[in-house]
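Comments concern the structure below.
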Amino acid sequence: MLETIQVNTPDHCVAVDITDLVSRKIQESGIQSGVCLVYVPHTTAGIFVNEGADPAVLEDIMQALEKLVPWRAGYKHAEGNSAAHIRSILVGGSAHLIIENGRLLLGTWERVFLCEFDGPRTRKLRVKMLAG
Ligand code: ZN
């Protein structure tokens, strides 16, 4: 089963919690046990699973990515958003998640985040769910 989720990112560089959006697709699928692949088909965005309890963690992650890959550093790409492309590679463009008892099987503090590196934009996520 393939689904699409659309997300309007609110800022230039921001992590958006998409856990509830993905969970809704799983519930609608009726799958009780299986695997869920969330993929972002954009070259300046990423997906990760990490702590969602303390918002300071997200701020630290995004700040660290900005320090690792500054927006301006003499890049050659004419569009001017090479930092966003590079951050996208560092974070990765997909997450493999486990469905159990009809729900996402995440750690206590874990949430799924869409990482925007060149927003605000409208992003589409592909969600592939397999029972098994
Ligand atoms: Zn570009």
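The values are calculated or read from the model by the stated rules, or taken from the named source; none is laboratory data. Every value quoted in this text rests on a predicted model; they were computed, and no experiment measured them. No Cβ is skipped: glycine too gets one built from the backbone with ideal geometry, and neighbour counts run over all protein chains shown. Keep in mind that these areas ignore ligands, DNA and RNA; they rest on the heavy atoms of the full protein, side chains included. Shrake-Rupley method; radii C 1.70, N 1.55, O 1.52, S 1.80 Å.
So, residue 30, is that one touching a residue at least 12 places away in the same chain (Cβ under 8 Å), touching a Gly at 6+ places or on another chain (Cβ under 7 Å) and not aliphatic (A, V, I, L, M) or not?
For residue 30, the condition - touching a residue at least 12 places away in the same chain (Cβ under 8 Å), touching a Gly at 6+ places or on another chain (Cβ under 7 Å) and not aliphatic (A, V, I, L, M) - is not met.
Suppose the filter is open to solvent by 20 Å² or more (accessible area, probe 1.4 Å), away from the ligand (no atom under 16 Å from the Cβ) and modelled with pLDDT under 95; does residue 52 pass it?
no
Check whether at least one residue in region 114-132 is on the phi > 0 side of the Ramachandran plot and not charged (D, E, K, R), and report yes or no.
Checked region 114-132: at least one residue is on the phi > 0 side of the Ramachandran plot and not charged (D, E, K, R).
Do you know which of the residues in region 104-132 that are in a loop (DSSP other than H, G, I, E, B), of a type outside the set (Phe, Trp, Tyr) and under 20 Å from residue 54 (Cα atoms) is least open to solvent (accessible area, probe 1.4 Å)?
107
Within region 72-103, can you find the residues that are more than 24 Å from residue 36 (Cβ to Cβ) and open to solvent by 70 Å² or more (accessible area, probe 1.4 Å)?
72, 74, 75, 76, 77, 78, 79
Which one of these does residue 21 not meet: (1) away from the ligand (no atom under 16 Å from the Cβ); (2) outside any strand (DSSP E or B); (3) over 26 Å from residue 130 (Cβ atoms); (4) of a type outside the set (S, T, N, Q)?
Just one mismatch for residue 21, condition (3).
Looking only at residues that are of a type in the set (Ser, Thr, Tyr) and away from the ligand (no atom under 15 Å from the Cβ) in region 71-117, which one is farthest from residue 14 (Cα to Cα)?
108
Could you look through region 33-83, keep only residues that are among the polar types (S, T, N, Q) and free of Cβ contacts under 8 Å to residues at least 40 places away in the same chain, and pick out the one that is nearest to residue 113 (Cα to Cα)?
Applying the filter and picking the extreme gives 63.
Checking residue 38 against (1) part of a loop (DSSP other than H, G, I, E, B); (2) open to solvent by less than 70 Å² (accessible area, probe 1.4 Å): exactly one of these is not met. Which one?
(1)
Aromatic (Phe, Trp, Tyr), farther than 20 Å from residue 3 by Cβ and out of contact with any Cys (no Cβ under 8 Å at 6 or more places or on another chain) - does that describe any residue in region 113-130?
Looking through region 113-130, none of the residues is aromatic (Phe, Trp, Tyr), farther than 20 Å from residue 3 by Cβ and out of contact with any Cys (no Cβ under 8 Å at 6 or more places or on another chain).
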